[in-house]
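The values are calculated or read from the model by the stated rules, or taken from the named source; none is laboratory data. Model, not experiment: these values are computed from the prediction. With ideal geometry, Cβ positions are generated from the backbone for all residues, glycine too; neighbour counts draw on all protein chains shown.
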Amino acid sequence: MKRQPSITLRLTLLFALASAATIICVGGFVAWEMNNHFKEMDVDELGGKLELIAHAIGETRSPSARDTLPGRLTDALVGHHALSADVRTQGQRVFATGSARFPERVLASATDSAKITRTSLRTWNDQGDTYRGVAVRLPSAIAGAPPYTVALAINIAVHQRFAHSIRWAIWVAVACAILLTSLLAWFTARRGLAPLHDIAQVAKNMSAEHLNARLPIESVPVELNDLAHSFNDMLSRLEDSFRRLSDFSSDIAHELRTPVSNLMTQTQVALSKARDAEEYREILYSNLEEYQRLATMIADMLFLAKADNGLIIPSREPVDLRQEVEGLFAFYEALAEHQGIGLAMHGEGTVLGDRLMLRRALSNLLSNAIRHTPRGGTVSVAIGPAANGFVSVMVENPGEPIPAEHLPRIFDRFYRVDSSRQRTSEGAGLGLAITRSIVAAHGGQTRVFSDTSTRFELLLPGLTAPTIQTGDTYSAQNRRNSPR
Ligand SMILES: Nc1ncnc2c1ncn2[C@@H]1O[C@H](COP(=O)(O)OP(=O)(O)OP(=O)(O)O)[C@@H](O)[C@H]1O
Ligand SMILES: [Mg+2]
């Protein structure tokens, strides 16, 4: 892949180009102004001389005075070395001074106006010199005599040499300025981009063991604030995921260790002395229970791993929730009766989903509810419509509320409110995680509320619902927060 030029290089080039364009424009303007200024000076100079010549011609009022005209013109123009003049009448040269030879085109351009402007000036080269001049027709003061053609010119070679050296100076200044601004731009860009290098440095030092590093927001420039925040947020998310992953591995190890060590102890005890067949049978039954727990846990973990990889694809058939809950009530009836707990259901609803998976999700909620309901209490299931064509199933049980700090993590795998791992009363802590995965695979949502009672709510797509974003919500407030 083609490597993109660095930002420093781009900024440097951009600055250099912009400043070069500006300096060239300024230089061009200065040169143009200087040229105009010289022209203006020439106009003044030639205008003054023309006035003197016009005066001398005006004084020549008789044919006899005409002979003295060259002398008076010489007096008028004395001391102006750079000036050339040519005065003619009827093609006859009356007076000439200076080195300039006036080309025909200049003489032919003579006008009757005695006022010289910048546009009436003509420029020509002759014998290595450059002249700027003008030709004017002046009337004779002698009645009936033909007019005079007066041509005046100034040698502008000195001006041109000066302009040439100024132009050189401007070009040298432009080159130096471009070099200087490029250097400055490079330096500024490097300094300006330094915070990006800091970000890169933090990223470079990042590893699984050092996920707690963060960018110091206060020392990052405003423009990079969003980037720094996003970067830090990403690190927090990574750190959290990493911590959960490592918690998860240690949880697996712990969960497997207990049943395996139980099995080992029982086997060692069994082998410690000779026993009769009945005793061995009892020990094997007891082992079988542990094996079953292990097998269930492994199957649950596999299910969750599949769900994580998007491999749990539920079928979509209409499922009558009331019918499913009735079936589960029949299953849990004996257990509930044994614990002195009532089971109640109201409402109805049909969802689109996988019957077996939904039954499993509901069964997890019911078994939890029954386990946490005190004797004499009632577990109730409410089914009803929710917003956007979804159907809500709420499993509610009385009993000790779940402390608010546990609610955000209650659906995490292996998470249990009582962390003492009392395996007799609590399961592995995978039930709610499985319920959440199943609901998410259906495009639904899982929520939990716990205050005077504990309520787990599943929002499942009804027969007409569009799919919604998946996720879970928790709330320690009362039922008013329910979407219904
Ligand atoms: N209805 C409820 N009332 C009070 N606490 C509950 C209720 N349901 C779940 N919990 C708490 O949430 C924790 C997680 O529940 P979850 O169903 O995931 O695991 P478990 O029931 O302990 O084990 P498993 O379901 O894998 O057999 C439980 O350990 C319990 O502390
Ligand atoms: Mg459970």
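When R61 is tested against (1) farther than 30 Å from A163 by Cβ; (2) under 60 Å from the mean Cα position of the chain (by Cα), exactly one condition is not met: (2).
Applying the selection to the stretch 206-222, what residues are closer than 24 Å to G192 by Cα and surrounded by 10 or more Cβ atoms within 10 Å (Cβ to Cβ)? Result: M206, A213, R214, L215, P216, I217, V220, P221. Going by what's in this entry, would D233 be described as under 24 Å from D412 (Cα atoms), part of a helix (DSSP H, G or I) and assigned by TED's automatic domain parsing to the domain that holds L294? Considered against the rule, which asks whether it is under 24 Å from D412 (Cα atoms), part of a helix (DSSP H, G or I) and assigned by TED's automatic domain parsing to the domain that holds L294, D233 comes out as yes.
Rundown of residues vs (1) of a type outside the set (D, E, K, R); (2) surrounded by 13 or more Cβ atoms within 10 Å (Cβ to Cβ), yes/no style:
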residue: A16; (1), (2): yes, yes
residue: T22; (1), (2): yes, yes
residue: F29; (1), (2): yes, no
residue: K39; (1), (2): no, yes
residue: D44; (1), (2): no, no
residue: A56; (1), (2): yes, yes
residue: T60; (1), (2): yes, yes
residue: R66; (1), (2): no, yes
residue: H80; (1), (2): yes, yes
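The set of residues in the stretch 314-332 being within 8 Å of D354 (Cα to Cα) and surrounded by 16 or more Cβ atoms within 10 Å (Cβ to Cβ) consists of P314, V319.
Among residues of the stretch 27-40 that are basic (K, R), those with a Cβ under 7 angstrom from a residue that is surrounded by fewer than 14 Cβ atoms within 10 Å (Cβ to Cβ), sequence gap 6+ or separate chain, pair up as K39/R118. Mind checking whether some residue in the stretch 345-354 is within 14 Å of ligand 1 (Cβ to nearest atom), aliphatic (A, V, I, L, M) and not in a loop (DSSP other than H, G, I, E, B)? Checked the stretch 345-354: no residue is within 14 Å of ligand 1 (Cβ to nearest atom), aliphatic (A, V, I, L, M) and not in a loop (DSSP other than H, G, I, E, B). Of all residue pairs spaced 6 or more apart or on separate chains, those with beta-carbon atoms under 6 Å, a first member in the stretch 249-264 that is within 16 Å of L284 (Cβ to Cβ) and a second member that is surrounded by 12 or more Cβ atoms within 10 Å (Cβ to Cβ) are P259/E290; P259/R293; P259/L294; N262/E290; L263/N287; L263/E290.
Of the listed requirements (1) within 16 Å of ligand 1 (Cβ to nearest atom); (2) surrounded by fewer than 19 Cβ atoms within 10 Å (Cβ to Cβ), Y285 misses just one: (1). Would you mind stating whether D418 is within 14 Å of ligand 2 (Cβ to nearest atom) and loosely packed, with under 15 Cβ neighbours inside 10 Å? Taking the combined requirement at face value, the residue satisfies it. Note on the stretch 1-60: residues that are outside any helix (DSSP H, G or I) and hydroxyl-bearing (S, T, Y) amount to 2.
When you go through R360, R371, R355 one by one, which is the residue that is more than 19 Å from H442 (Cβ to Cβ) and surrounded by fewer than 22 Cβ atoms within 10 Å (Cβ to Cβ)? So the residue among R360, R371, R355 that is more than 19 Å from H442 (Cβ to Cβ) and surrounded by fewer than 22 Cβ atoms within 10 Å (Cβ to Cβ) is R371. Yes or no: T373 more than 17 Å from L459 (Cα to Cα), of a type in the set (S, T, Y) and in contact with a strand residue (DSSP E or B) (Cβ under 7 Å, 6 or more places away or on another chain)? Considered against the rule, which asks whether it is more than 17 Å from L459 (Cα to Cα), of a type in the set (S, T, Y) and in contact with a strand residue (DSSP E or B) (Cβ under 7 Å, 6 or more places away or on another chain), T373 comes out as yes.
Among the residues of the stretch 349-395, those identified as among the small types (G, A, S), in contact (Cβ under 8 Å) with a residue 60 or more places away in the chain and within 16 Å of ligand 2 (Cβ to nearest atom) are A361, S367, A369. Residues that are small (G, A, S) and outside any helix (DSSP H, G or I) were ranked within the stretch 94-121; the one that is surrounded by the most Cβ atoms within 10 Å (Cβ to Cβ) is A100.
Residue pairs whose Cβ atoms lie under 6 Å apart, sitting 6 or more positions apart in sequence or on different chains, and linking a residue in the stretch 152-164 that is assigned by TED's automatic domain parsing to the domain that holds A135 and in contact (Cβ under 8 Å) with a residue 60 or more places away in the chain to a partner that is surrounded by 13 or more Cβ atoms within 10 Å (Cβ to Cβ) and in a loop (DSSP other than H, G, I, E, B), are A153/A100; I154/A82; N155/A82.
Taken together, the residues in the stretch 124-147 that are polar (S, T, N, Q), surrounded by 14 or more Cβ atoms within 10 Å (Cβ to Cβ) and outside any loop (DSSP other than H, G, I, E, B) amount to 1.
When the stretch 397-411 is filtered for residues that are away from ligand 2 (no atom under 16 Å from the Cβ) and either within 46 Å of the chain's Cα centre (by Cα) or buried (at least 19 other Cβ atoms within 10 Å of the Cβ) (or both), the ones remaining, listed by number, are P401, P403, A404, E405, P408. Annotation note: of G399, G384, G347, G389, the sole residue that is touching a strand residue (DSSP E or B) at 6+ places or on another chain (Cβ under 8 Å), modelled with pLDDT under 95 and closer than 25 Å to A465 by Cα is G389. Taken over the stretch 418-455, the criterion of being part of a loop (DSSP other than H, G, I, E, B), of a type in the set (A, V, I, L, M) and either more than 9 Å from ligand 1 (Cβ to nearest atom) or at pLDDT below 85 (or both) is satisfied by A428 alone.
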